[in-house]
Amino acid sequence: MGQQHLLVRKDLADTIKSPRDLQGRKFAINSPVSPHVYVVGKAMESVGLGLKDLDVVNIPFPSMVTAFTTRAIDAAVVVEPFAAQIQEKALAVPWKGAADFVNDPYMHISTFLTNHEWAEKHAKMTTDFVSAYLRGLRVYYEAIATGKQRDEVVTLLTKYTTVKDRALYERMVWQFADPNGTMGKRSIEDQIAWYHRHGMLTKPVAYEQVVDTRYLDAALKDVGTVACPRCVP
């Protein structure tokens, strides 16, 4: 589920109340082909506008800190840990989340990709990888949902990711992930349709052409499923 932050510059917090108030303003998105384009597009369409009504600038996430500092941008879609860092410096404030505009269906934002020919030749290895991923994912999910083993998870994250500051993990909003690896079919279909409608895909693509759940299904037979009250069907 997408949990991107839409931030607005602190000095504009009292001015920007609706997506309509963003009209004509400089809005930073990390890439012209980012899924965040879809989020911002949906936000503007909720008030009868579109991306063309923004002055969109493409800036890498780390550079957004500087852009807010120099007031080169008015708003941005930002992910962690940069969102926490920007707020910590009092450069911008949370305005909305992706789920405020993309909630029917909620946004499915990431998947694992594999070469299908290789996977078919190495089906057991592929399934074993997914099983191992799910086991690790469930430890992460428990750390979010119940706090169980949170310290251990933070230790691993500081060891194997570029975010080394333990204290920063307590200020970040942790990205939610479905512990059963469920694919958001409705969301993926909606995103494909939106990209096609806006000329970012030359033709519509069927969900079954881009998603293969065989290895996930086989992995779930191995590790079982777990209850997930926060998961969206």
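The values are calculated or read from the model by the stated rules, or taken from the named source; none is laboratory data. Small disclaimer: the values here were computed from a predicted structure and weren't measured. Note that we place each Cβ from the backbone using ideal geometry, even for glycine, and neighbour counts take in every protein chain shown.
Brief remarks follow.
- Selection count where residues are under 26 Å from Ala167 (Cα atoms), among the small types (Gly, Ala, Ser) and in contact with a helix residue (DSSP H, G or I) (Cβ under 6 Å, 6 or more places away or on another chain), scope the stretch 91-126: 2
- In the stretch 54-66, the qualifying residues are those that are assigned to a helix (DSSP H, G or I) and either crowded, with 21+ Cβ neighbours inside 10 Å or aromatic (Phe, Trp, Tyr) (or both), and the one that is farthest from the chain's Cα centre (by Cα) is Met64.
- Taken over the stretch 192-207, residues that are in a helix (DSSP H, G or I) and either modelled with pLDDT under 90 or in contact with a Pro (Cβ under 7 Å, 6 or more places away or on another chain) (or both) amount to 3.
- Residue selected from the stretch 15-53 under the condition in contact with a Pro (Cβ under 9 Å, 6 or more places away or on another chain) and part of a loop (DSSP other than H, G, I, E, B), by the criterion surrounded by the fewest Cβ atoms within 10 Å (Cβ to Cβ): Ser31
- Residue check, Glu80 surrounded by fewer than 14 Cβ atoms within 10 Å (Cβ to Cβ), in contact (Cβ under 8 Å) with a residue 40 or more places away in the chain and within 23 Å of Thr162 (Cα to Cα): no
- Qualifying residue in the stretch 102-114 (condition: within 22 Å of Val57 (Cα to Cα) and at pLDDT 90 or above): yes
- Test result for His108, in contact with a Gly (Cβ under 6 Å, 6 or more places away or on another chain) and either polar (S, T, N, Q) or over 16 Å from Asp217 (Cβ atoms) (or both): yes
- Among the criteria (1) touching a residue at least 60 places away in the same chain (Cβ under 8 Å); (2) among the aromatic types (Phe, Trp, Tyr); (3) within 21 Å of Met183 (Cβ to Cβ), the one Trp95 does not fulfil is (3).
The rows are residues; the columns are (1) under 22 Å from the mean Cα position of the chain (by Cα); (2) closer than 23 Å to Arg214 by Cα; (3) of a type outside the set (Phe, Trp, Tyr).
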{"position": "Asp128", "(1), (2), (3)": "no, yes, yes"}
{"position": "Ser131", "(1), (2), (3)": "no, yes, yes"}
{"position": "Glu142", "(1), (2), (3)": "yes, no, yes"}
{"position": "Thr146", "(1), (2), (3)": "yes, no, yes"}
{"position": "Lys159", "(1), (2), (3)": "no, no, yes"}
{"position": "Lys164", "(1), (2), (3)": "yes, no, yes"}
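- Applying a threshold of 6 Å to beta carbon distances and a minimum spacing of six or more residues, or different chains, the list of pairs starting in the stretch 117-131 at a residue that is touching a residue at least 12 places away in the same chain (Cβ under 8 Å) and ending at one that is polar (S, T, N, Q) reads Ala119/Thr126.
- Verdict on Lys164 being surrounded by 12 or more Cβ atoms within 10 Å (Cβ to Cβ), free of Cβ contacts under 8 Å to residues at least 12 places away in the same chain, not assigned by TED's automatic domain parsing to the domain that holds Ala83 and not in a helix (DSSP H, G or I): no
- Residue in the stretch 194-209 that is hydroxyl-bearing (Ser, Thr, Tyr), surrounded by fewer than 14 Cβ atoms within 10 Å (Cβ to Cβ), touching a residue at least 12 places away in the same chain (Cβ under 8 Å) and not assigned by TED's automatic domain parsing to the domain that holds Glu88 present: yes
- Here is the figure for the stretch 88-111: residues that are more than 18 Å from the chain's Cα centre (by Cα) and either surrounded by 19 or more Cβ atoms within 10 Å (Cβ to Cβ) or of a type in the set (A, V, I, L, M, F, W, C) (or both) total 4.
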